[in-house]
1. Give me the percent of accessible area attributable to carbon and sulfur for the stretch B:169-303, probe 1.4 angstrom.
2. Determine the gain in length on full extension of the stretch B:R237-B:W68; use 0.36 nm per residue of separation and subtract their C-alpha separation, reporting nm with one decimal.
3. Please express the shape of the stretch B:183-322 as an equivalent ellipsoid: the semi-axes are the square roots of 5 times the eigenvalues of the C-alpha gyration tensor, given largest first in whole angstrom.
4. How big is chain A by the Kirkwood estimate over distinct Cα pairs, in Å?
5. Along Cα→Cβ, 7 Å out, is where each label goes; now give me the distance between the ones at A:A157 and B:T160 in nm to one decimal.
6. Would you list B:Y107, A:Y163, B:Y122, A:Y241 from the most to the least accessible area, probe 1.4 Å?
7. Residue separation times 0.36 nm, minus the C-alpha to C-alpha distance between B:L102 and B:R167: what's the value?
8. Share of Cα-Cα pairs in the stretch B:137-230 beyond 21 Å, in percent?
Amino acid sequence: MSDLIQASARDLSGPLIELTDVKTHFKTARGLVRAVDGVSFTLERGKSLGIVGESGSGKTVLSRSIMGLLPPKAAVRHGSIKFEGREILGLSRSQMRGIWGSEMAMIFQDPMTSLNPVMKIGRQIAEPLRIHLNMARSDAWATAERLLTDVRIPEAARRLNQYPHELSGGMRQRVMIAIALACGPTVLFADEPTTALDVTVQAQILDLLGEQRRDRNMSLILVTHDLGVVAGHTDEIAVMYGGKLVEKAPTRSLFANMKMPYTEALLQSIPKLTDPSHTRLSVINGRPPDLVNPPVGCRFAARCLYTQQRCREEEPPLVVTPEDPEHSYACWYPVGSPAYFEAKARIPSNSTVEVL
Amino acid sequence: MRYFLQRFSQFLIVFFLVTFGVMVLMRAGLNAPGDPARTMLGGTASQQQIDTITARYHLDSNILGQYWFWLKGMVWEGDFGYSVQQNLSVVDYMRPTILTTLFLGVYSLVWALIIAVPLAVYQAYKRDSFLDKSGNFFSFFFISVPALVFAPFIIYIFVTKLDWFPRIGEKIYPWDDLGAHFKNFFLPVVVLAVPLSAIFVRLLRADMVATLQSDFITLASAKGVPPGRTLWTHALRNSLFSLLTSVGVNLGGLVGGALIVEQYFNMKGMGFLLVSTILSKDLFVVQSLSAILVATVVLANLGIDLMYAVIDPRIRHARALS
Ligand SMILES: Nc1ncnc2c1ncn2[C@@H]1O[C@H](COP(=O)(O)OP(=O)(O)O)[C@@H](O)[C@H]1O
Ligand SMILES: [Mg+2]
């Protein structure tokens with residue numbers, strides 16, 4: 001791997017990304033959509049964070065808010081996003097452009113629509129190299145070939161001259177990864193990078209991401225609706241529901257001691273290998289909350305199996321578990337508490353709860 | 001390859017149908033031997049003149065035979081026939097008018113594109129801004145009010161009243177006097193290009209707006225590609241399909257418009273010639289003019305068909321396979 005594309009030596013003190021009460025609301029005809037509604041967390045350098053939640057919970061909007069890649073209009077933003085200690089929330093697109101591709105890179109969900117259909121693969125990979133690193137055309141082309149080899153694309157030299165439609169979905173996602181890695185970003189956002197792919201390819205792509213992250217000392221934010229995907233691939237997991245963070249913990253701590261009934265429900269909804277690859281989550285009853293008029297109290301209360309009166313009236317704050325200071329959750333009656341067992345005892349096993 | 005053979009045979013079929021149709025129409029009622037020659041020559045022609053022309057162009061054979069000899073003469077000998085009324089070969093008679101109409105058509109198309117493309121790109125980029133909305137209004141306006149309708153007013157204001165532009169009449173080639181050439185063509189080109197560019201702006205803007213919402217455009221931003229490059233390199237090439245189709249569809253209309261504009265501005269173009277020769281029944285000239293017009297339009301459409309493949313590798317590959 002060339003020095004140019006290797007992540008440059010980094011200052012390892014201080015968090016890489018620090019969010020404080022980040023809100024992203026969209027003005028729509030229906031009203032203000034509170035897609036992200038007060039999210040705070042920090043991400044250390046070189047670490048990987050999984051953001052998990054059902055579709056519509058605000059994961060994409062959150063990751064694009066951090067990157068500043070939202071559609072320029074209609075978004076109302078609030079809070080603070082610090083990247084390497086620098087506030088980036090108010091920055092204009094032209095100020096962000098120096099960061100995009102070089103410091104922060106992103107992989108999208110659908111490799112079929114994310115590459116320019118009329119531009120050769122090689123040019124698409126070379127583009128950020130030429131823009132950020134001022135590489136000459138031939139150097140950029142050679143680096144692009146090396147990147148394709150890094151992401152395990154066979155016959156890299158020939159692929160450079162091909163167009164996206166000549167490659168399979170898995171190959172295209174590898175090309176997306178090569179583009180994202182090109183300038184050696186500090187952090188990589190992967191938004192559902194395997195959702196559109198065959199089950200057999202999914203694991204390969206996740207392994208590739210993990211391996212490249214370690215090799216390049218890069219942070220990774222892996223967004224997915226599938227708790228099973230992040231389980232083996234990230235250091236930490238943040239669970240989102242209705243635009244809010246409802247639980248965040250180191251991966252091991254989360255699985256050993258999960259607190260939110262929502263996280264528990266997500267765990268139970270991990271697709272089985274026997275399911276078809278695009279099955280939607282169906283285990284949790286009911287629908288995600290209305291983001292224009294979110295319910296008072298806990299946003300999950302309407303669908304939670306263990307709801308109490310308090311849940312519908314007061315919103316639970318994010319609190320730290322006694323066992324692990326890095327594990328926080330937002331629930332009045334968390335999994336394992338007396339109220340939880342009491343409620344569980346009342347529910348006949350195997351039944352489902354009617355949606356309110 | 002098979003694809004282009006198919007397209008080319010379509011071209012031939014259209015060409016034959018139109019030119020043969022014109023021949024049949026022009027000769028309606030001229031069934032007796034010598035009739036076509038007599039019609040062309042006018043009442044004062046001698047029998048000997050009639051016989052010469054009839055023999056030279058096989059005008060005594062049946063209509064299919066005449067068509068065959070006419071085609072053969074054009075293709076093999078470059079002999080488009082003879083304008084007896086002008087005592088000129090049709091080629092010499094047509095040449096200056098073809099140039100005039102060619103300038104008119106090409107300038108109009110090129111200017112329509114030069115106006116439309118940047119405007120559409122800008123409008124799509126600044127979607128819903130004041131400028132975008134004004135652009136939409138004006139394109140709507142010029143689509144709704146055919147320029148051919150207000151051309152007489154333009155002529156009245158700018159030519160008759162203000163005397164800013166000449167009323168043409170004299171054919172002025174760019175190699176004679178470039179300034180006068182452009183001055184001559186300015187108003188007729190405006191009349192043809194403005195409504196055309198209004199259509200182009202609408203179509204290209206709509207395609208650009210759709211393209212700008214695609215993932216690969218967001219990816220271009222995420223790579224740090226500046227907006228100008230995103231628009232012109234990534235978005236435009238993916239948004240050209242409706243525009244290109246519309247160029248093809250409107251070519252025929254452009255030719256038709258050019259023929260009318262020539263009447264307004266008194267330009268000695270193909271339209272001018274076509275009208276006068278239809279009226280004077282100068283058969284060969286009418287046939288040759290329509291043959292050239294239809295061939296140009298259909299060939300241009302073939303060229304546009306090729307352009308799709310140049311722009312989009314997926315079309316190129318699909319065609320290569322078929
Ligand atoms: N540009 C936008 N304008 C209005 N609403 C939006 C926009 N983008 C996303 N949303 C809304 O924000 C919510 C969260 O969306 P998203 O972040 O895509 O969810 P996820 O990625 O978790 O599936 C959804 O209800 C969606 O409809
Ligand atoms: Mg999403």
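The values are calculated or read from the model by the stated rules, or taken from the named source; none is laboratory data. This one's a predicted model, so the numbers in the text were calculated from it and none came from an experiment. Quick reminder, even Gly has a Cβ in these numbers, built from the backbone with ideal geometry, and neighbours come from all protein chains shown. For accessibility, only protein heavy atoms count, side chains too; no ligands or nucleic acids. Shrake-Rupley method; radii C 1.70, N 1.55, O 1.52, S 1.80 Å.
1. Details: 3290 of 4780 Å².
The value for the stretch B:169-303 is 69 percent carbon and sulfur by accessible area.
2. 56.4 nm
3. Working: eigenvalues 314, 78, 17 Å².
Square roots of five times the eigenvalues give 40, 20, 9 Å.
4. About 21.4 Å, per the Kirkwood formula over Cα pairs.
5. Rounded to a tenth, the inter-label distance reads 7.4 nm.
6. B:Y122, B:Y107, A:Y163, A:Y241
7. On the way: separation 65, 0.36 × 65 = 23.40 nm, distance 1.86 nm.
Using 0.36 nm per residue and subtracting the Cα-Cα distance, I get 21.5 nm.
8. 55
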